[in-house]
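Participant: Take this structure, written in structure tokens, and hold onto it; I'll ask about it next.
The values are calculated or read from the model by the stated rules, or taken from the named source; none is laboratory data. All values reported here derive from a predicted model rather than from experimental measurement. Here the Cβ positions follow ideal geometry from the backbone for every residue, glycine too, while neighbour counts run over all protein chains shown.
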Amino acid sequence: MTNDYVARGVMEALAMASIPVPQQISVVGYDDLGVKTTPPMTTIRVDLDEVGRLALEALYRRIEGMQVKAGQTIVPVELVVRGSTASREMLPERSVLD
């Protein structure tokens, strides 16, 4: 998984190598930036407004001399399934998913 622009480059390289997406390999991007691909790219959508709000809040707290707790912040994401990933029916009979 990588951002949508890098994933588009991967899809273009696969096409140049005659490796069909998703028949032989699935590709998933990240960010849902509206990158146009053929087939349409499956991606993970993240609420960038929320990420920005949380980052700005932490920065403000630091500027104001308040303590900023170190650690991870979990922001909900959504899988947006499009044509660049194989459906279960397209998988070989034996799969790493089984």
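Participant: Taking the stretch 59-92 as the search range and keeping residues that are surrounded by 13 or more Cβ atoms within 10 Å (Cβ to Cβ) and of a type in the set (Gly, Ala, Ser), which one is farthest from residue 33 (Cα to Cα)?
Facilitator: Ranking the candidates gives 86 first.
Participant: A further question follows. Please state which of the following conditions residue 42 fails to meet, knowing it meets all the rest: (1) in contact with an Asp or Glu (Cβ under 9 Å, 6 or more places away or on another chain); (2) hydroxyl-bearing (Ser, Thr, Tyr); (3) surrounded by 15 or more Cβ atoms within 10 Å (Cβ to Cβ).
Facilitator: Of the numbered conditions (1) in contact with an Asp or Glu (Cβ under 9 Å, 6 or more places away or on another chain); (2) hydroxyl-bearing (Ser, Thr, Tyr); (3) surrounded by 15 or more Cβ atoms within 10 Å (Cβ to Cβ), the odd one out for residue 42 is (1).
Participant: Just to verify a result, which residue in the stretch 16-33, among those that are among the small types (Gly, Ala, Ser) and without any contact (Cβ under 8 Å) to a residue 24 or more places away in the chain, is surrounded by the fewest Cβ atoms within 10 Å (Cβ to Cβ)?
Facilitator: Checking each candidate, the answer is 18.
Participant: Something else now. Here's a check for you: in the stretch 31-83, which residue that is among the β-branched types (Val, Ile, Thr) and in contact with a Lys or Arg (Cβ under 9 Å, 6 or more places away or on another chain) is modelled with the lowest pLDDT?
Facilitator: Top of the filtered list is 68.
Participant: Tell me, please, whether a residue that is of a type in the set (Asp, Glu) and assigned to a helix (DSSP H, G or I) can be found in the stretch 19-34.
Facilitator: There is no residue in the stretch 19-34 that is of a type in the set (Asp, Glu) and assigned to a helix (DSSP H, G or I).
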